[in-house]
Amino acid sequence: MTFVQIHEHGLPATSERIGTREFLELTGLSEDMLLELVRMDWIVPSTTAQQEHLFVRMDVLRGRKYRRLCADFELSPVAGIIIVDLLERIEHLEERLRDLPIRR
């Protein structure tokens, strides 16, 4: 659960998290698509005391990839999730390979 701290003058602290409306605008996902991804625990937002979802930058990047892949290749939600997860694993492995010392 994420709490928003109130500073002097009654203004909330800045946050790296965004609300549902901004998330939908940034990703191009429909609300139904987002609810399905949350229901499947693929995107796990924080929840405020008012039961509003808050998302992080990585959620936005994953949501964009998911939407593009599903739209471009007419994939089912589960297939889109699997492909995005596999792409992320490949990226992670490539990063690890780059970090390995070169032996000659």
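Every number in this text was worked out from the coordinates using simple rules, so none of it is lab data. These figures come from a predicted structure and were not determined experimentally. Cβ: placed from backbone, ideal geometry, glycine included. Neighbour counts: every protein chain shown.
Things worth noting here:
- Shape of the chain, Cα gyration tensor, a/c cut at 1.5: oblate
- Likely footprinting exposure, Val38, Val44, fewest C-beta neighbours within 10 Å first: Val44, Val38
- Pairs of Cα atoms nearer than 8 Å and 6+ residues apart set the relative contact order; for the chain it is 24 percent.
- Selection among Phe73, Leu37, Gly63 by position relative to the dipole of the range 8-99 gives Phe73 as farthest towards the positive end (Cβ unit charges, Cα centre).
- Subtracting the Cα-Cα distance of Val78 and Glu36 from 0.36 nm times their residue separation leaves 14.1 nm of extension gain.
- For the range 8-99, the dipole from Cβ point charges (+1 on Lys and Arg, -1 on Asp and Glu) about the Cα centre works out to 120 debye, to the nearest 20.
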